[in-house]
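Below is one structure, written out as structure tokens; comments come after it.
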Amino acid sequence: MAKTIITAALTGAATPKEKNPALPVTPKEIAEDAVRAWRAGAAIVHLHMRDEHCRGTMDAARFKETVERIRDSCDVIINLTSSGELGASDQRRMEHIIALRPEMATFDAASLNVLPDGIFDNTVGFLTKLAATMKDCGVKPEVEVFDLGSMAALARFLETGMLEAPVHVQFVLGMFAGAPATPENLMYLKQALPQEATWSALGVGAAHLPILYTAVALGGHVRVGLEDNLYFAKGQLATNESLVTRAAQIIRAFNNEPATPAQARALLGLKPR
Ligand code: ZN
């Protein structure tokens with residue numbers, strides 16, 4: 001039976017807690033939600049940190065506390081962000097990766113305009129340092145692709161050897177300046193993947209469901225969670241656990257199985273733990 005990896009993106013860096021009180025903010029809350037997501041079928045948790053005002057922060061101490069709490073409780077694969085604090089230096093975006101050596105971390109293949117007036121800033125200079133750091137620390141990049149432009153950048157990074165095949169790609173669809181989250185766009189992007197790549201997809205907001213179903217149907221893996229979407233259904237707020245539980249149900253209804261962390265490690269070429 002085919003195995004489908006569920007990644008739970010628990011909190012992100014942007015959404016205020018007022019919009020959904022279930023959003024985990026402190027290291028303890030984030031770690032507790034990680035364990036709930038793992039119990040519900042997630043093999044990977046993707047983590048951001050929030051400061052005491054709920055703003056995105058790259059604070060390495062918060063990452064450390066959260067990662068230690070999760071590692072004490074379960075064997076879920078930990079995927080740390082390399083972004084999520086406005087204006088953070090290149091070094092600050094990598095400190096926690098160097099200190100904690102997670103199994104995976106995000107590598108955003110391009111920069112994007114973000115609302116209301118910002119830039120999600122991923123220069124080639126930063127990405128070169130990030131790729132080298134991940135290689136040194138034994139961290140597998142999750143390459144976030146937003147559209148065909150970032151896919152073209154990924155192809156170049158593989159050509160130059162900055163990244164090594166087989167890569168794992170996360171299609172992040174529905175960003176303000178990225179490809180809209182439609183099944184058609186996902187199908188087109190999927191056929192343009194580098195050979196041997198593994199891949200997963202998410203849709204932002206209400207589009208999380210069509211992207212989830214399309215990713216499962218196309219043989220990909222899936223990401224769900226409050227970073228990407230706050231609602232379970234129209235007018236009904238979600239929790240991380242409810243979103244992972246539903247993703248696992250959809251995967252089973254398709255006659256696949258949610259991958260365990262051990263199975264996900266094998267699929268992604270990570271060392272067994
Ligand atoms: Zn993220």
Where residues in the range 85-134 are within 16 Å of the ligand (Cβ to nearest atom), among the small types (Gly, Ala, Ser) and over 16 Å from the mean Cα position of the chain (by Cα), which of them is modelled with the lowest pLDDT?
-> 118
When (1) exposed (fewer than 15 other Cβ atoms within 10 Å of the Cβ); (2) within 16 Å of the ligand (Cβ to nearest atom) are applied to residue 63, the one that fails is (1)
Taking the range 1-47 as the search range and keeping residues that are open to solvent by 10 Å² or more (accessible area, probe 1.4 Å), part of a loop (DSSP other than H, G, I, E, B) and closer than 18 Å to residue 223 by Cβ, which one is nearest to the ligand (Cβ to nearest atom)?
-> 13
Would it be correct to say that residue 247 is farther than 25 Å from residue 120 by Cα and crowded, with 22+ Cβ neighbours inside 10 Å?
-> yes
Which one of the conditions (1) more than 14 Å from the chain's Cα centre (by Cα); (2) open to solvent by 20 Å² or more (accessible area, probe 1.4 Å) does residue 163 fail to meet, given that it meets all the rest?
-> (2)
Flag if residue 239 is closer than 22 Å to residue 49 by Cα, of a type in the set (Ser, Thr, Tyr) and more than 15 Å from the chain's Cα centre (by Cα) = yes
Residue 153 passes all but one of (1) assigned to a loop (DSSP other than H, G, I, E, B); (2) touching a residue at least 12 places away in the same chain (Cβ under 8 Å); which number fails?
-> (1)
Which of the residues belonging to the range 91-113 are open to solvent by 50 Å² or more (accessible area, probe 1.4 Å) and in contact with a Phe, Trp or Tyr (Cβ under 7 Å, 6 or more places away or on another chain)?
-> 111, 113
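The values are calculated or read from the model by the stated rules, or taken from the named source; none is laboratory data. Values in this document were obtained by computation on a predicted structure and should not be read as measured data. Backbone-built Cβ (ideal geometry, glycine too); neighbour counts: all protein chains shown. These accessible areas exclude ligands, DNA and RNA; they are computed on the full protein's heavy atoms, side chains included. Shrake-Rupley method; radii C 1.70, N 1.55, O 1.52, S 1.80 Å.
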